[in-house]
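Take a look at the structure below.
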Amino acid sequence: MSEEVKEISFDELGLTKPLEKMTAKELRALCMDKLPMISGASGKEKEVLVQEIKEVFGIVEEEQISPYKKQIHEIKRQIRALREKKSATEDRTQRDRIRRQITKLKKRTRRLARAV
């Protein structure tokens, strides 16, 4: 009883999102349904599954560095300073203003991180 392993390309998997964004449950299901060459998928962690899938398809991981990294670090520095100022402030309206500033800055960092 020999099972014939069908060769499959990465594009034929029909993924709707990158491997790193998939949950461990989704990765396990993918391996069990479409990638029989990866054995023991049900007991492996997400990072291991992603690495093995990349090895099967020969995907070389490239380090992506955000072009906005310095900007993001500077904004986070501002957020830390504002948090200290907020904790030291007694006036409630002033604390609310600082809280809103922090929220705006956090949203900006998220937008910059997604812009890659």
Legend entry - Members of region 34-54 found to be farther than 15 Å from Leu13 by Cα and not in a helix (DSSP H, G or I), listed by number: Ser39, Gly40, Lys44, Glu45
Legend entry - Total residues in region 83-116, condition among the hydrophobic types (A, V, I, L, M, F, W, C), surrounded by fewer than 11 Cβ atoms within 10 Å (Cβ to Cβ) and closer than 26 Å to Gln71 by Cβ: 2
Inset, instruction - Return the residue satisfying two criteria in turn: it lies in region 15-29 and is in a helix (DSSP H, G or I) and modelled with pLDDT under 85, and of such residues it is surrounded by the most Cβ atoms within 10 Å (Cβ to Cβ). - result: Leu19
Inset, instruction - Scan region 52-59 and give yes if some residue there is among the aromatic types (Phe, Trp, Tyr) and within 23 Å of Glu26 (Cβ to Cβ), otherwise no. - result: yes
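The values are calculated or read from the model by the stated rules, or taken from the named source; none is laboratory data. Small disclaimer: the values here were computed from a predicted structure and weren't measured. We place every Cβ from the backbone using ideal geometry, glycine too, and count neighbours over all the protein chains shown.
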